[in-house]
Each structure stands twice: as C-alpha cells, then as structure tokens.
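**Student:** This is the structure I want to talk about, given as structure tokens.
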Amino acid sequence: MERFVSWLKDNWFALLQGLGIVFGLLFTTVTLRRDARGRRRSDALALMQQHRELWSEVHRRKDLNRIFEGAVDLVASPLTVAEQEYLNLVIVHFHTGWQLAQEGTVLTLKTLGADARSFFSLPIPKFVWGQTKSTRDPKFVEFIEQCLRS
C-alpha cells in the first residue's frame, strides 16, 4: 500500500490526465451514437415527408392517374410531360431510399426491392425507367433490374 501511495504522489498528474482522456473518449463515443440515432430519425422523417408529398400529388392531379394503370397503350396515348416529370421525381425518391437502405438506416433493401418490383412493373413507370436508366447510378440501376428479374 505504501508503494502505491508513493507512486500516486509522484504520478498523480499523469493518472489524472489519463483518466481525462479515457472519459473524454467514452463521452465522445456516447455522443456520436446519439447523433447517429438522431440522424437516422431525421432521415426517416425526411423520406416519409417526401414520400407523402409524392403520392399526395397523384391524388391531387388527375393527369397522373394512369401511371398506376396495369394496361396502358403508349402508342395510342403517348407519355405526357407531366407523367415523365413526375416519374423522374419518383425515381429520384427510390434512389434516395436505396442509398439509405444501403446504410441500413431507414428501410431495408428487401422492402425497397418489393416496392420497386411492383412499381416498375407497371407499364408507364417501366417505360420511363427504360428511357432514363442509362443516366442513373449504375449500382442503383443494377438493383432495380435485379428487383424486376425476381
């Protein structure tokens, strides 16, 4: 015990510094974890808000109704500019969801894949996807194409 007291007299400042560093690192770890959880919640809320706005637009605008029809003749009734613009926004929304799903923060790739498969199997979204996929992130394109093959 006497050796410990002697050592403590000689090294109290170094011990105090070491403890300060250890507790500082622990505090930083806890703070980073809380921030990450907060960012995930914020990302989820932002994605939900974007999702709600996109799908509300379809209900407000009757000129977008045929996007969800299972049988559409694009030769007799070509794609409209409004449909094209809207679907480009939806594809960007899917891309954002895909990025977040890859990080495992908001949703899973499995859930997103099921949504993508059902949506991009519809005639008009499938047509717009086919026209624009060459301008998209190649990894995202591969994800959607894999979903469509499943």
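**Student:** Within segment 1-98, which GluC sites (Glu not before Pro) sit in a loop by DSSP and count at most 13 neighbouring Cβ atoms inside 10 Å?
**Tutor:** Details: sites: 2, 53, 57, 69, 83, 85; in loops: 69.
Of the GluC sites (Glu not before Pro), the ones in loops of segment 1-98 whose Cβ has at most 13 other Cβ atoms within 10 Å are 69.
**Student:** Can you run phi through the Karplus equation (6.51, -1.76, 1.60; θ = phi - 60°) for segment 95-104 and list ³J(HN,Hα) in whole Hz, with x for Gly and Pro?
**Tutor:** Rounded to whole hertz, the list is 4, 4, x, 5, 4, 5, 5, 5, 7, x.
**Student:** Rounded, prolate or oblate: which fits segment 108-150, taking a ≥ b ≥ c as square roots of the Cα gyration tensor eigenvalues, rounded meaning a/c under 1.5, else prolate when a/b beats b/c?
**Tutor:** Oblate shape, in that a/c is at least 1.5 and b/c is the bigger or equal ratio.
**Student:** Within 12 Å, Cβ to Cβ, of residue 142, how many net charges do the neighbouring residues add up to if Lys/Arg are +1 and Asp/Glu are -1?
**Tutor:** +2
**Student:** Using only Cα atoms, locate the centre of segment 50-88 and the centre of segment 92-134, then give the distance between them in Å, rounded to an integer.
**Tutor:** 16 Å
**Student:** Taking Cα extents along the principal axes in Å as the quantity of interest, determine which of [x] 45, 31, 29; [y] 73, 34, 29; [z] 97, 32, 23 was computed from the displayed structure.
**Tutor:** [z]
**Student:** Let me ask something additional. Just going by the charge dipole of the chain, with Lys and Arg at +1 and Asp and Glu at -1 on Cβ, which of 15, 128, 27 is farthest out on the positive end?
**Tutor:** Going by the Cα projections, it comes out as 15.
**Student:** Right, next: Accessible area per residue for the chain in Å², computed with a 1.4 Å probe and the full protein assembly in place, what is it?
**Tutor:** Numbers: 10360 Å² over 150 residues.
In whole numbers, the chain has 69 Å² accessible per residue.
**Student:** Roughly speaking, to the nearest percent, how much of segment 1-103's 1.4 Å accessible area is carbon and sulfur?
**Tutor:** Within segment 1-103, the accessible surface is 62 percent carbon and sulfur.
**Student:** Got the relative contact order for the chain handy, in percent, Cα pairs under 8 Å and 6 or more residues apart?
**Tutor:** 22 percent
**Student:** Which ³J(HN,Hα) values, rounded to whole Hz and listed in residue order, are derived for segment 135-150 from phi using the Karplus coefficients 6.51, -1.76 and 1.60 in 6.51 cos²θ - 1.76 cosθ + 1.60 with θ = phi - 60°, glycine and proline given as x?
**Tutor:** So the Karplus estimates, Gly and Pro as x, are 9, 9, 4, x, 5, 5, 4, 4, 4, 5, 4, 5, 4, 5, 6, 6 Hz.
**Student:** Taking the Cβ of residue 78 as the center, what net charge do the other residues with Cβ under 14 Å away carry, scoring Lys and Arg +1 and Asp and Glu -1?
**Tutor:** Overall, the nearby charge balance is -2.
**Student:** Still on this model: Mind checking the angle between helix 109-120 and the chain's longest principal axis? C-alpha axes, 0 to 90 degrees, to the nearest 10.
**Tutor:** 10 degrees
**Student:** Between 49, 102, 17, where does the largest GNM mean-square fluctuation fall for the chain, given springs only between Cα atoms within less than 10 Å?
**Tutor:** Top of the fluctuation ranking is 17.
**Student:** Excluding residue 35 itself, what net charge comes from residues whose Cβ is under 15 Å from its Cβ, given Lys and Arg +1 and Asp and Glu -1?
**Tutor:** Result for the local shell: +4.
**Student:** Here's another thing I want to ask about it. With an 8 Å Cα cut-off and a minimum separation of 6 or more residues, compute the relative contact order for segment 74-150 in percent.
**Tutor:** The normalised contact order for segment 74-150 reaches 31 percent.
**Student:** From the backbone phi of segment 53-62, what are the Karplus-calculated ³J(HN,Hα) couplings (6.51 cos²θ - 1.76 cosθ + 1.60, θ = phi - 60°) in whole Hz, Gly and Pro given as x?
**Tutor:** Each residue's phi maps through the Karplus curve to give 5, 4, 6, 5, 4, 4, 6, 7, 10, 5 Hz.
**Student:** Counting other Cβ atoms within 10 Å, which trypsin sites (Lys or Arg not before Pro) in segment 41-132 have at most 14 and lie in a DSSP loop?
**Tutor:** Filter output for segment 41-132: 61.
The values are calculated or read from the model by the stated rules, or taken from the named source; none is laboratory data. As the structure is a computational prediction, the values presented were derived from the model and not from experiment. As a convention, Cβ positions derive from the backbone with ideal geometry for all residues, glycine included, and neighbour counts pool all protein chains shown. Please note that ligands, DNA and RNA were not included when accessible areas were found on the heavy atoms of the full protein model with its side chains. Shrake-Rupley method; radii C 1.70, N 1.55, O 1.52, S 1.80 Å.
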